[in-house]
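S.K.: I have a structure I would like to understand better, so I am pasting it below and will then ask my questions one at a time.
The values are calculated or read from the model by the stated rules, or taken from the named source; none is laboratory data. From a predicted model like this one, the values you see are computed outputs, not experimental measurements. Using ideal geometry, Cβ is built from the backbone for each residue, glycine included, and neighbour counts are taken over all protein chains shown. Only protein heavy atoms, including side chains, enter the accessible area calculation; ligands, DNA and RNA are left aside. Shrake-Rupley method; radii C 1.70, N 1.55, O 1.52, S 1.80 Å.
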Amino acid sequence: MATIIGGVATTHVPSIGKAIAEKKYKDPYWRPFFDGFNYVHSWLSREKPDVAVVFYNDHGLNFFLDKLPTFAVGAAAEYRNEDEGWGIPVSQSAPGDPDLSWHLINSLVADEFDVTMCQEMLIDHAVTIPLQLIWPDQAFPVKIVPVEINTVQHPLPSLKRALALGRSIGRAIESYPKNLRVMMIGTGGLSHQLDGKRAGFINKEFDKLCLDKIVDEPEALTRYSIHDWVAESGAQGVEFLNWMAMRGALTGRVREAHRNYHIPISNTAAATAVYTNEKEVGQKAA
Ligand SMILES: [Fe+2]
């Protein structure tokens with residue numbers, strides 16, 4: 001059976017892609033952020049996942065405001081990137097796992113999540129930058145299943161719904177008969193706002209609350225409405241929906257193995273975290 005080994009969550013600001021392309025790993029501005037991945041690399045060298053389910057939001061490369069699914073799941077054999085206009089190099093493609101994708105899609109629809117299914121799907125910087133951060137200077141060594149969550153065009157799904165989506169995916173993976181080691185990736189956030197009167201807004205106290213609560217009490221965060229979240233975390237801070245879905249998919253005993261929080265990267269509060277998922281004897285998926 002498939003095993004969920006844990007999750008990695010990270011910010012996905014486009015300027016990180018430029019810093020990666022220019023190898024600014026030791027640059028004084030960038031080093032506090034890139035050094036936050038040293039633990040991620042050592043953890044993955046021990047855990048050796050086969051597949052990553054990536055919760056992210058599309059920024060207009062694959063979906064646009066005219067057609068924007070609340071939840072979409074990739075079911076392709078390969079996911080390409082294209083020029084998004086940020087001035088960063090086009091990423092290599094990421095390999096897919098269509099069998100696992102269809103298992104997840106079937107399970108989600110049976111579980112009353114009526115997702116959009118995508119047999120062709122471009123992945124944007126919200127997927128490619130985290131993959132490049134997690135596996136620097138190497139071809140991506142895992143297959144991916146991208147799961148898009150709308151954090152762009154209101155109305156957005158609730159934090160409760162994103163957590164439930166993740167839990168449904170966690171249950172589906174644990175019923176998958178292949179012997180795969182599966183990791184979760186959640187991308188985006190933390191607090192930031194790109195436009196309007198509050199452009200540049202960051203809320204360090206709220207970010208800390210989120211990073212604390214997501215480990216043991218993710219339900220506590222579901223009391224915030226999306227409008228509350230915009231007020232506390234900024235208009236783009238709602239990308240935390242991707243972190244909530246990632247956390248929901250961790251079905252066992254969850255421990256924060258690593259946290260790096262750094263302000264600012266561009267105009268964003270940047271965070272990177274690793275969560276382990278330990279299955280207790282006799283435990284069934286929550
Ligand atoms: Fe974003």
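S.K.: With all distinct Cα pairs included, what does the Kirkwood hydrodynamic radius of the stretch 190-275 come out to in Å, to one decimal, could you say?
M.R.: 13.2 Å
S.K.: Can you give the Rg to Rh ratio of the chain, both from alpha-carbon atoms, with Rh computed by the Kirkwood formula?
M.R.: Dividing the radius of gyration by the Kirkwood radius yields 0.93.
S.K.: I want the local charge near Ile88. Using Cβ-Cβ distances under 12 Å, sum +1 for each Lys or Arg and -1 for each Asp or Glu among the other residues.
M.R.: -4
S.K.: Please work out the average accessible area per residue across the chain, using the 1.4 Å probe convention, and give it in Å².
M.R.: 42 Å²
S.K.: Also, quick follow-up: Per the 1.4 Å probe, what fraction of the accessible area of the stretch 169-273, in percent, lies on carbon and sulfur atoms?
M.R.: Exposed carbon and sulfur together represent 49 percent of the surface.
S.K.: Take every Cα-Cα pair in the stretch 104-184 and report what % of them are more than 16 Å apart.
M.R.: In whole percent, the long-distance tail amounts to 62.
S.K.: Hey, another quick one. Strictly greater than 21 Å: what percent of every Cα pair in the stretch 146-231 meets that?
M.R.: Here the tail beyond 21 Å accounts for 40 percent of pairs.
S.K.: Cα-based Rg (one decimal) and Dmax (whole number) for the stretch 131-286, in Å?
M.R.: Answer for the stretch 131-286, Rg first and Dmax second: 15.9, 53 Å.
S.K.: Turning to a different aspect of this structure: Is it possible to state the helix-based mean residue ellipticity at 222 nm for the chain, with each DSSP H run of 4+ residues giving -39500 (n - 2.57), the sum divided by total residues, to the nearest 500 deg cm²/dmol? What is it?
M.R.: -9500 deg cm²/dmol
S.K.: Whole Å is fine, so just give me how far the alpha carbon centre of the stretch 136-172 lies from that of the stretch 42-109.
M.R.: 9 Å
S.K.: Here's a follow-up. What are the residues whose amide H is under 5 Å from the amide H of Asn203, where those residues sit 5 or more places off or on another chain and H is modelled from the backbone?
M.R.: Sorted by chain and number, the residues that satisfy this are Ser191.
S.K.: While we're on this one: What net charge do the residues around Ile144 carry, taking every other residue with its C-beta under 14 Å from that of Ile144, with Lys and Arg at +1 and Asp and Glu at -1?
M.R.: -3
S.K.: Leaving out ligands, DNA and RNA, and with a 1.4 Å probe, what % of the accessible surface on the stretch 27-102 is carbon or sulfur?
M.R.: Answer for the stretch 27-102: carbon and sulfur cover 53 percent of the accessible area.
S.K.: Additional query: Ranked highest first by average number of other Cβ atoms within 10 Å, how do 134-147, 102-115 line up?
M.R.: Top of the packing list down: 134-147, 102-115.
S.K.: Quote the relative contact order of the chain in percent (integer), defining contacts as alpha-carbon pairs under 8 Å separated by 6+ residues.
M.R.: Averaging sequence separation for qualifying contacts and normalising by length gives 30 percent for the chain.
S.K.: Here's something else I'd like to know. Under 5 Å between amide hydrogens, which residues at least 5 positions from His258 or on another chain qualify, with H placed 1.01 Å from N in the peptide plane?
M.R.: For His258, whose amide H was placed from the backbone, the distant partners under 5 Å are Val274.
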